[in-house]
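Visitor: I have a structure I would like to understand better, so I am pasting it below and will then ask my questions one at a time.
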Amino acid sequence: GAGVSQSPRYKVAKRGQDVALRCDPISGHVSLFWYQQALGQGPEFLTYFQNEAQLDKSGLPSDRFFAERPEGSVSTLKIQRTQQEDSAVYLCASSFAGQGLEQYFGPGTRLTVT
Amino acid sequence: QKEVEQNSGPLSVPEGAIASLNCTYSDRVSQSFFWYRQYSGKSPELIMSIYSNGDKEDGRFTAQLNKASQYVSLLIRDSQPSDSATYLCAVNLNSGGSNYKLTFGKGTLLTVNP
């Protein structure tokens, strides 16, 4: 079946611009996660949704980062007033259920802030 | 101490050899452990999950878990050049009851030489 999809795959933004990154999880997957991966590092947790509820946003780096999943399916990660340090790959993952089960990653969005 | 630690490598093995990748984690009550493979420029791909002490085999891959030693490893038998990638260890650390998010090591770069 179809895996996790993300769009756009690449995004170049000028510093100060707002960006929106989209994630479409595997059909039927209740849980959705956003991670940030810097070059040469493992992914780092940003936020977690179970259906439409955002249960953990402790990993969001600042209040410029905002995520939503209004209908419990597609999710959007929004970054306001982008800064150069926001340049990274943003990965979305989904899981049939949240706790302890396998997470499957999408292809990621590579964000470059110039 | 970092929460999930891996030898960053690079680890170089000849084709046909056994590659051994190691990972230690900090939280004694962690329950779920995963190995992801990440090719350069691609997103992490789940290759193994393990939840109980002992060995779990899937084709050429064997995951080994020792909760008492807080150690998880991945063995790749009959290594192929196509196995050349970064291998990420991921753990559902149970700190603060958040046993849903994955904490990753920095990854071990494996090169299999023809």
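Derivation of every value follows stated rules applied to the coordinates shown; laboratory data play no part. Remember, predicted model here, so these are calculated numbers, not experimental data. Don't worry about glycine lacking a Cβ; one is built from the backbone with ideal geometry, like all the others, and counts go over all protein chains shown.
Visitor: About the Cα centre of the stretch A:1-74, how large is the charge dipole given +1 on each Lys and Arg Cβ and -1 on each Asp and Glu Cβ? Please answer in debye to the nearest 20.
Guide: With Lys and Arg at +1 and Asp and Glu at -1, about 380 debye.
Visitor: Report the relative contact order of chain B, percent, no decimals, based on alpha-carbon pairs under 8 angstrom and at least 6 residues apart. Walk me through the numbers before you get to the answer.
Guide: On the way: 291 pairs, mean separation 42.4, N = 114.
The normalised contact order for chain B reaches 37 percent.
Visitor: On the principal axes of its Cα set, how long, how wide and how thick is the stretch B:48-114? Give whole Å, largest value first.
Guide: Cα extents, longest axis first: 46, 24, 18 Å.
Visitor: To check my understanding: the extent here is largest minus smallest coordinate of the Cα atoms along each principal axis. What are those three numbers for chain A, in Å, largest first?
Guide: Projected onto its principal axes, the Cα set of chain A covers 37, 25, 23 Å.
Visitor: My understanding is that a pair violates if its Cα-Cα distance is over 26 Å; which of A:78/B:42; A:14/B:101; A:57/B:106; A:78/B:101; B:2/B:67; B:56/B:101 do that in this structure?
Guide: On the way: A:78/B:42 22 Å; A:14/B:101 31 Å; A:57/B:106 22 Å; A:78/B:101 20 Å; B:2/B:67 17 Å; B:56/B:101 22 Å.
Result: A:14/B:101 exceed 26 Å.
Visitor: A further question follows. Along each of the three principal axes of the Cα atoms of the protein assembly as shown, give the extent in whole Å, ordering the values from largest to smallest.
Guide: Extents along the principal axes, in whole Å: 49, 39, 37.
Visitor: Starting from the 7 Å offset along Cα-to-Cβ, what nm value, one decimal, do you get for the label separation of residue A:39 and residue B:2?
Guide: According to this spin-label approximation, the distance is 1.8 nm.
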